[in-house]
Ligand SMILES: NC(=O)c1ccc[n+]([C@@H]2O[C@H](COP(=O)([O-])OP(=O)(O)OC[C@H]3O[C@@H](n4cnc5c(N)ncnc54)[C@H](OP(=O)(O)O)[C@@H]3O)[C@@H](O)[C@H]2O)c1
């Protein structure tokens, strides 16, 4: 019998699985089988982005699967080079075409651009239009600090449904989570098992890998689970939505096998205490329209 993730209700009533497959850095040729495997295992959320270069393969994986379109929650993101109202509408059409879908479940702005905030606002206004036109079921943002969200909400009509941010035991974002919760925004965790600390600038420093932290490995041993499963369970205990990436079938299955145990309050607190307050990825405050190009 297939197990499914619990669902979270977004601020417009749409339901989103609290767990999904991320595909950042999934090579196109490995993305189709990864999506197929995930859907077979019970995943019902796939998180891609225009910038990942694999929207077409996500769409192909969906089509090859037995799971019907309506049962899968598909997210993609607007990239910085397409910020602006008309540009964002065109980019959305392009993403939808790549995916081969006729609607999207969630469309996210990939980064705030504090130095070009008018472009951020214009892009979000385009997302509002797509929502009004029924082309996407929910809209939101990524990497928005409370001050970015405050600025955005002052100038736009619809409160983002989701804020997708770097979040793992070494960077637990307590203040941001509280802000999101107070404003009815679901926080979604990228790099939920600390991937950015393994492939990013911290890669050489094993002390920043949450999967090696004794607080995590001790709990893993207690429950007969892997460190990744314990960390993913920690996200669920915090009512976060985690989107771990893997292109390996056995890890895709392993990461989803987290619905048959739970952590005590003390265990959650022990993992919270790993927080070093240091992000592994880019600082959103410094992102510009030509960043990453
Ligand atoms: N909005 C944004 O700005 C943003 C930024 C980054 C990421 N994201 C999203 O978040 C998703 C997840 O984040 P992420 O890819 O950065 O990091 P992650 O999911 O925390 O970690 C992925 C890394 O860990 C490995 N891995 C997967 N399962 C594992 C396991 N059970 N044990 C040990 N290692 C494991 C993967 O390698 P293998 O593939 O070889 O298994 C990969 O190198 C992305 O794919 C993307 O969808 C969004």
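Derivation of every value follows stated rules applied to the coordinates shown; laboratory data play no part. Please read all numbers here as calculations on a predicted model, not as lab measurements. Here the Cβ is made from the backbone with ideal geometry for all residues, glycine too, and neighbour counts use every protein chain on show.
Please go through the range 18-44 and pick out each residue that is touching a residue at least 60 places away in the same chain (Cβ under 8 Å) and either over 15 Å from the mean Cα position of the chain (by Cα) or more than 10 Å from the ligand (Cβ to nearest atom) (or both).
Passing the criteria: 18, 19, 27, 30, 31, 33, 34, 37, 38, 41, 42, 43.
Hey, among the residues in the range 172-199 that are surrounded by fewer than 24 Cβ atoms within 10 Å (Cβ to Cβ) and in a strand (DSSP E or B), which one's nearest to the ligand (Cβ to nearest atom)?
Once the filter is applied, the top-ranked residue is 190.
Does residue 269 satisfy the criteria of being part of a loop (DSSP other than H, G, I, E, B) and without any contact (Cβ under 8 Å) to a residue 40 or more places away in the chain?
No; evaluated as a whole, the condition is false for this residue.
I'm told residue 228 meets every condition in (1) near the ligand (Cβ under 9 Å from one of its atoms); (2) more than 27 Å from residue 159 (Cβ to Cβ); (3) in a loop (DSSP other than H, G, I, E, B) except one. Can you identify the failing condition by its number?
Here residue 228 clears every test but (3).
Test residue 236 against the criterion of being outside any loop (DSSP other than H, G, I, E, B), touching a residue at least 24 places away in the same chain (Cβ under 8 Å) and more than 12 Å from the ligand (Cβ to nearest atom), and give yes or no.
Yes: the conditions hold for residue 236.
Just a yes or no: is a residue in the range 31-44 at negative phi, in a loop (DSSP other than H, G, I, E, B) and buried (at least 17 other Cβ atoms within 10 Å of the Cβ)?
Checking the range 31-44: at least one residue is at negative phi, in a loop (DSSP other than H, G, I, E, B) and buried (at least 17 other Cβ atoms within 10 Å of the Cβ).
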